[in-house]
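What follows is a single structure, written as structure tokens, with notes after it.
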Amino acid sequence: QVQLVESGGGLVQAGGSLKLSCAASGSIFSVNTVGWYRQAPGKERELVATITSGGSTNYAESGKGRFTITRDNSQNTVALQMNSLKPEDTGVYYCYYNVKTTSWSPNSKYWGKGTLVTVSS
């Protein structure tokens, strides 16, 4: 199995910055796309950003120009640098990994338990 642990959430004022990190461990043969989703109170989970194994990134419109996703393939970590935070960025942020646990297994998506980000106005 694969375990993901997020860190870096917290309370920040509007305009501030936070950096989220996610570390993967366990039975990992290879890692494909990884990324971050978030879920605001009373809303559905939504995509924040993704990054492929080759380093190509994709961002939700809401985070373009403010968020930067990076990954360290040697450490199996992914980070999300969030700048110019807004109250509407408040939510629980979840990282995910698309992982093959063996050479013959399909890609499977694993999720972290989430880290809370609260942006005060």
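The values are calculated or read from the model by the stated rules, or taken from the named source; none is laboratory data. Keep in mind that what you see is a predicted model, and the values were worked out from it rather than measured. Each accessible area value is taken on the protein alone, full model and side chains, heavy atoms only, with ligands, DNA and RNA left out. Shrake-Rupley method; radii C 1.70, N 1.55, O 1.52, S 1.80 Å.
Given the pairs Lys64/Lys109; Lys19/Lys64; Lys19/Lys109, which are separated by over 20 angstrom at their Cα positions?
The pairs that break the limit, which is 20 Å between Cα atoms, are Lys64/Lys109; Lys19/Lys109.
Using the Kirkwood radius over C-alpha pairs as Rh, can you work out the diffusion coefficient of the chain via Stokes-Einstein at 10 °C, viscosity 1.306 mPa s, in µm² per second?
On the way: Rh = 14.4 Å.
Diffusion coefficient, whole number: 110 µm²/s.
Where only protein heavy atoms count, and the probe is 1.4 Å, what is the accessible area per residue for the chain in Å²? If you can, show how the numbers build up before the last one.
Numbers: 6310 Å² over 121 residues.
For the chain, the per-residue accessible area is 52 Å².
Which whole-number percent is the relative contact order of region 6-66 (Cα, under 8 Å, 6+ apart)? Write out the running numbers ahead of the final one.
Numbers: 60 pairs, mean separation 12.4, N = 61.
Relative CO of region 6-66 lands at 20 percent.
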